[in-house]
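Just so it is clear, none of the values below were taken in a lab; they were calculated from the coordinates. Bear in mind that the values here come from a model prediction, so they are computed numbers and not experimental data. Neighbour counts are summed over all protein chains in view; Cβ atoms, including those assigned to glycine, are modelled from backbone coordinates with ideal geometry.
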Amino acid sequence: MELPYSEPFKIKMVETIKKSTREQRLQWVKEANYNLFKLSSDKVYIDLLTDSGTGAMSDKQWGAIMTGDESYAGASSYFTLKNTIKELLGFEYMLPTHQGRAAENVLFSVLVKEGHIVPGNSHFDTTKGHIEFRKAHAVDCTISEAFDTTFIHPFKGNVDLEKLEKVMIESGSKVPFIIMTITNNTAGGQPVSMQNLREVRALANKYHVPVFFDSARFAENAYFIKIREKGYENASIREIVKEMFSYADGMTMSSKKDGIVNIGGFIGMRDKDLFQQASTFNIMFEGYITYGGMAGRDMNALAQGLREATEEDYLEYRIGQIAYLGNKIKEYGIPVQEPFGGHAVFVDALRFYPHIPQTEYIAQLLGIELYIEGGVRGVEIGTLLADRDPDTRMDRLPKLELLRLAIPRRVYTNNHMDYIAAALKNVFDRRNELQHGFRITWEAPIMRHFTVDLERIPTTNQ
Ligand code: F0G
């Protein structure tokens with residue numbers, strides 16, 4: 001019998017989580033104006049809001065914390081991190097930042113100007129936010145297969161090269177760079193193939209523009225290349241990672257994901273001139289170039305985390321656990337994005353609630369129902385997140401309306417996965433009892449989903 005994957009760790013410390021009653025949750029979620037970001041975490045039993053900064057550090061990482069060097073300039077922890085990044089990812093220059101969006105802010109302060117067009121596969125919301133804030137435009141060139149949750153494609157994170165070339169032909173002089181998000185979070189944690197990265201590089205060379213990777217989940221992406229892309233079966237994760245980044249001029253990183261730390265980010269670059277320009281913004285926004293908003297101890301933990309995240313045993317467990325949850329949910333007949341992504345299972349709200357209009361924020365509705373049912377907190381990746389069009393101020397209805405169940409790294413067991421799937425099944429069985437979703441009572445002008453207030457649209461039988 002083939003042995004199944006299992007956790008390549010044992011548990012040394014535990015944190016108690018508390019259940020609540022359905023009545024309590026009904027009350028709490030109403031008080032939070034149906035925005036799950038507004039719930040205090042003690043009101044959540046299993047927290048799948050994000051895999052960002054929520055992972056469990058290893059004993060080696062905690063050990064590294066104790067030997068952090070907190071010198072303002074030239075700390076040894078900075079050099080440990082810098083050397084690790086050079087060794088694993090291949091970038092000569094590095095700037096630490098306090099998280100991923102800070103890396104975007106610093107890099108885009110150098111590169112993005114008003115009227116620019118920044119094409120790529122689906123930009124993450126902070127990436128798009130930093131582009132639009134500078135009065136530039138993000139153009140999503142993800143392959144159309146990604147928007148059909150039932151279509152099986154091994155690399156749904158890929159960019160459509162024809163769409164990308166069209167952008168280059170039409171607005172080439174306005175394109176400061178191409179950005180590739182690996183994995184493609186917005187499309188469902190879907191990986192980008194090595195071939196696609198290679199072809200994007202070739203296209204960028206043809207039009208003389210640089211390529212940057214938004215690398216938050218680069219290690220998960222590498223594992224998918226290993227198990228799905230011909231020719232990489234026998235390559236090590238580290239070899240794959242090296243080749244992936246060889247196609248990039250630079251990268252931004254949210255270390256809170258595949259760095260397996262609770263806070264942190266960085267920018268990796270090859271070009272000295274870019275590094276020097278970005279350094280000025282780093283000093284203004286983040287901190288001196290050898291700490292950039294991070295404590296020395298956190299840089300130490302990150303260096304160790306990057307090593308652990310690029311170990312094959314770890315990734316087999318990581319991707320295996322997501323698939324375990326995904327398969328359970330699928331067995332119950334619940335519509336999910338397939339193949340399953342690297343950090344989360346995405347439930348398809350358009351197929352879950354086909355009888356309720358998308359304009360009533362149905363992925364949010366699904367998230368609220370799951371919370372009320374089991375105290376499980378997911379996050380909407382749909383119309384609330386997609387925000388309004390900056391020109392027309394109309395809601396942008398995205399092609400995918402998803403509830404993301406993001407799994408923190410090394411935190412929950414498969415018994416938790418069984419619980420989550422059962423709670424979702426109960427919500428699914430009662431899906432026809434609901435006739436309406438929500439309407440907005442207050443929203444911020446940008447990135448509204450974090451703070452939006454909602455109310456239920458009343459119906460007679462709700
Ligand atoms: N890029 C991607 C692909 C991301 O998923 C995130 C964050 C960022 C950039 C920004 O990084 O949070 O460190 O500032 N994603 C989190 C999530 C918030 O829940 O998916 P950050």
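Assorted remarks:
- Based on C-alpha pairs under 8 angstrom that are at least 6 apart in sequence, the chain has a relative contact order of 22 percent.
- Ellipticity at 222 nm from helices only: DSSP H runs of n ≥ 4 in the chain, each -39500 (n - 2.57), divided by the residue count, give -12000 deg cm²/dmol.
- Here the scattering of the chain is modelled by Debye summation over its C-alpha atoms, one equal scatterer each and no solvent; at q = 0.07, 0.09, 0.10, 0.11 Å⁻¹ the log10 of I(q)/I(0) is -0.34, -0.57, -0.72, -0.88.
- With Cα atoms, 0 to 90° folded angle of helix 161-171 axis to the chain main axis: 70
- Options Met447, Thr392, Asn415, ranked by Cα towards positive dipole end of the range 368-450, top entry (Cβ charges): Asn415
- Estimated FRET transfer efficiency when R0 is 41 angstrom, pair Thr413-Thr359 (beta carbons, to 0.05): 0.60
- Whether the range 339-462 is rounded, prolate or oblate, judged on the alpha carbon gyration tensor where a/c under 1.5 counts as rounded: oblate
- With respect to the chain, whose longest principal axis is taken over its alpha-carbon atoms, helix 272-285 is tilted by about 50°.
- For the range 59-309, taking Cα atoms only, Rg and Dmax work out to 17.4, 53 Å respectively.
- Residue-wise HN-Hα couplings along the range 75-92, as the Karplus relation 6.51 cos²θ - 1.76 cosθ + 1.60 with θ = phi - 60° gives them from phi, are 4, 4, 4, 4, 5, 4, 5, 4, 5, 5, 5, 4, 5, 7, 10, x, 8, 6 Hz; Gly and Pro carry x.
- Fraction of beta bridges assigned by DSSP in the chain that are antiparallel (%, nearest 5): 65
- Under the Karplus curve 6.51 cos²θ - 1.76 cosθ + 1.60, θ = phi - 60°, whole-Hz ³J(HN,Hα) for the range 449-457, x wherever Gly or Pro sits: 4, 5, 10, 4, 10, 10, 9, 5, 7
- Candidate cross-link partners of Lys242 among the lysines, defined by an alpha-carbon separation under 18 Å and a same-chain spacing of 8 or more, comprise Lys82, Lys86, Lys226, Lys230.
- Computed from Cα positions, the angle between helix 22-31 and the longest principal axis of the chain comes to roughly 60 degrees.
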